[in-house]
Amino acid sequence: MIAPGAKGSDEGVELVLDGGRVGARVAAIVRSSKFLSPGPVTRRFYWRIFMKRTLFALALAALAAGSTLSAQQGGRQASPDGAAAAQVGGKYVASGEARYEGGKWIDILYGRPLKRGRELWGSGANYGKMLNDGAPVWRAGANVSTRLTTEAALTIGNKTIPAGEYSLFIDAKSPTDWTLIVSSWAAQPRMDQKDKTALWGAYGYTPEKDVARVPMKIEALPFSVEQLTWAFLDLTADGGRMAISWATTVASVTFKAQTP
């Protein structure tokens, strides 16, 4: 499930990673590394080793996953990978070259299906069923489970979510009743029905690993969004909204980061 764009190089060795999600994952790993600002020679040496191993491992994982949908779309993915990111809890330091210090990253990695003229939601008892595609809930994206990675503990609704990595699902029961599910279910990089410890999309989802279930605010848009989009809206120094937009609907939850 790969798309051109992400590149990495080290001492003359260049890797072209065909995957938005792979590239975004590298960025997320780099941000969380203690070697983020390599200084002394020794640190730069270990930084190069860290990056080389990370890029090679992710490239191999992406190639192993294959790209059936890409072949069906004439070399392009039916649902390209995407990422949304925000940094909270820091501040700009104006002395010398302006820079942002002390911030904590929050990332959402997801697949971005296109509407392509479809009626997405359905109605009545069939509301949401097409997007669930036989799963108990919606993966809120496409392909691999939608993933939330946060360096700061978050409060969403009245639930505290420790820093870490989670899967996001949505239980869409009606046009006015959506629930965001933050789950500790791990994600499969490709479908493996024998693996009962992780999920592909939302298939096999069960609620015992739910960390939080939060009602979403649903609003109508005055225009139609063709490609599903996760975004961070109305950001303040320590919070904002996580929002998903598709067609003429945007659904969101407010969050607050616990920062020093």
### Summary
Residue count, region 213-260, condition touching an Asp or Glu at 6+ places or on another chain (Cβ under 6 Å), closer than 23 Å to residue 184 by Cβ and among the β-branched types (Val, Ile, Thr), comes to 1
### Query
Can you pull out the residues in region 86-110 that are assigned to a strand (DSSP E or B) and charged (D, E, K, R)?
91, 99, 101, 104, 107
### Task
Identify, by number, the condition in (1) surrounded by 13 or more Cβ atoms within 10 Å (Cβ to Cβ); (2) assigned to a strand (DSSP E or B); (3) not small (Gly, Ala, Ser) that residue 205 doesn't meet.
(2)
### Query
Of (1) at pLDDT below 95; (2) buried (at least 19 other Cβ atoms within 10 Å of the Cβ), residue 191 satisfies all except one. Which?
(2)
### Query
Which of the residues spanning region 204-253 are touching a residue at least 12 places away in the same chain (Cβ under 8 Å) and of a type in the set (Asp, Glu)?
210, 219, 226, 238
### Task
Would you mind telling me which numbered condition in (1) among the aliphatic types (A, V, I, L, M); (2) out of contact with any helix residue (DSSP H, G or I) (no Cβ under 9 Å at 6 or more places or on another chain); (3) in contact (Cβ under 8 Å) with a residue 40 or more places away in the chain residue 181 fails?
(2)
#### Entry: All positions within region 147-180 that are of a type in the set (Ser, Thr, Tyr) and either more than 23 Å from residue 258 (Cα to Cα) or not assigned by TED's automatic domain parsing to the domain that holds residue 204 (or both)
174, 176
## Note on the structure
Among (1) within 20 Å of residue 106 (Cα to Cα); (2) out of contact with any Leu (no Cβ under 9 Å at 6 or more places or on another chain), residue 204 falls short only on (1)
### Query
touching a residue at least 40 places away in the same chain (Cβ under 8 Å) and over 18 Å from the mean Cα position of the chain (by Cα), is that true of residue 176?
yes
### Query
Inside region 149-185, can you point out the residues that are over 22 Å from residue 131 (Cβ atoms) and surrounded by fewer than 19 Cβ atoms within 10 Å (Cβ to Cβ)?
153, 155, 157, 158, 159, 160, 162, 163, 164, 165, 184
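The values are calculated or read from the model by the stated rules, or taken from the named source; none is laboratory data. Predicted model only: the values in this text are computed from it and were never measured. A quick note on method: Cβ atoms are made from the backbone with ideal geometry, for glycine too, and the neighbour counts reach across all protein chains shown.
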